[in-house]
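Scroll down for the structure; my scribbles are underneath it.
The values are calculated or read from the model by the stated rules, or taken from the named source; none is laboratory data. This structure is a prediction, so every number in the text was calculated from the model and none was measured. Cβ coordinates were reconstructed from backbone atoms using ideal geometry, including for glycine residues, and neighbour counts include every protein chain displayed. Accessible surface is based on the protein model in full, side chains and every heavy atom, while ligands, DNA and RNA are left aside. Shrake-Rupley method; radii C 1.70, N 1.55, O 1.52, S 1.80 Å.
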Amino acid sequence: MARIFWAECPECSELFHAHHGELRNSGTELLCPTCGAEFLDTDAARIVE
Ligand SMILES: [Zn+2]
């Protein structure tokens, strides 16, 4: 089962989940499903693992 983590969008504060292996510490930007903002996990308002 894929590990996930939760990321809080720095633009709209939506908390959404992402796959750990693909996106955590990978340099790939996360895409907020609510406002469409793209940001690195290191720029998330909050990370919950
Ligand atoms: Zn957002």
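Based on DSSP H runs of at least 4 residues, each adding -39500 (n - 2.57), what is the mean residue ellipticity at 222 nm of the chain after dividing by all its residues, to the nearest 500 deg cm²/dmol?
That comes out to -1000 deg cm²/dmol.
How large, in percent, is the carbon and sulfur part of the accessible surface of the stretch 4-48 at a probe radius of 1.4 Å?
Summing carbon and sulfur atoms, their accessible area is 46 percent of the total for the stretch 4-48.
If you roll a 1.4 Å probe over the heavy atoms of the protein chains, what accessible area per residue do you get for the chain, in Å²?
66 Å²
How far apart, in nm, are the 7 Å Cα→Cβ label points at Phe39 and Ile4?
Label at Phe39, label at Ile4, 2.0 nm between them.
How high is the relative contact order of the chain, in percent, counting Cα pairs under 8 Å that sit 6 or more residues apart?
42 percent
Quick one, what does Rg over Rh come out to for the chain if you take C-alpha atoms and the Kirkwood Rh?
Expressed as Rg/Rh, it is 0.92.
Please go through the chain and write out the trypsin sites (Lys or Arg not before Pro) that DSSP classes as loop and that have at most 13 other C-beta atoms within 10 Å.
Those satisfying the criteria are Arg3.
In debye, nearest 20, what is the charge dipole magnitude of the chain about its Cα centre with +1 on Lys and Arg Cβ and -1 on Asp and Glu Cβ, if you could check?
Dipole about the Cα centre, nearest 20: 200 debye.
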